[in-house]
Structures are given as structure tokens and as C-alpha cells.
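Right, one structure below, let's go through it.
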Amino acid sequence: VLPVTLGDYLRKARIDLNLTQKYVAEEIFKTSVQNIRNWEANRSHISLQFRPALIEFIGYCPCDVSLPIGLKLKV
């Protein structure tokens, strides 16, 4: 299954790198494990302050650059 949401991209990258949610929360995002769980389960959106870390973590920006800026921020 291809990732669709930012949470999907986060989960896929974490699993591909064989990292725990705890490690990603504490060492990569400096946030709670609960946030990582919520993002990966798409129960909450990844706020703007964490998106640069997400892009660095997965290695690219998963947003469709052809979309208007308002739609990019909803991902």
C-alpha cells in the first residue's frame, strides 16, 4: 500500500529504518510517543512545527508541488 498521508509516510520510513516509535519520538521529533502513534494512525495531523523534521526524516517532501498552497497544508 502506498503512503497517502504524512502519517503514512512517517510510519513507512520508521518501519523501513527499523526504528521504534519511542526512538523516533524522542530522538528525531523531540515529542511524545503518543504524538507519533496518533500521527501514524492518522488520528491527528502533524503540525507545521514538526513538518521540517518529517521532511528531513523521510528524505524528501511528499507533497504534490502542483497543488495550491492551501491544499498542501491540509495533508
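The values are calculated or read from the model by the stated rules, or taken from the named source; none is laboratory data. Being a predicted model, the structure only gives us computed values, none of them experimental. Using ideal geometry, Cβ is built from the backbone for each residue, glycine included, and neighbour counts are taken over all protein chains shown. When the accessible area is computed, the model is the full protein with side chains, heavy atoms only, and any ligands, DNA or RNA have been set aside. Shrake-Rupley method; radii C 1.70, N 1.55, O 1.52, S 1.80 Å.
Each residue of region 2-18 was assigned a 3J(HN,Hα) from its phi angle through the Karplus expression (A = 6.51, B = -1.76, C = 1.60, θ = phi - 60°), giving 7, x, 10, 9, 4, x, 5, 5, 4, 4, 4, 4, 4, 5, 4, 8, 6 Hz with x at Gly and Pro. Over region 13-61, accessible surface divided per residue gives 64 Å², non-protein components excluded, 1.4 Å probe. Charged neighbours of Lys22, selected by a Cβ distance under 11 Å, balance to 0 (K, R count +1; D, E count -1). Think of each Lys and Arg Cβ as +1 and each Asp and Glu Cβ as -1; about the Cα centre, that makes the dipole of region 1-45 roughly 100 debye. Of the chymotrypsin sites (Phe, Trp or Tyr not before Pro) found in region 1-60, those that fall in a DSSP loop while having at most 15 other beta-carbon atoms within 10 Å are Tyr60.
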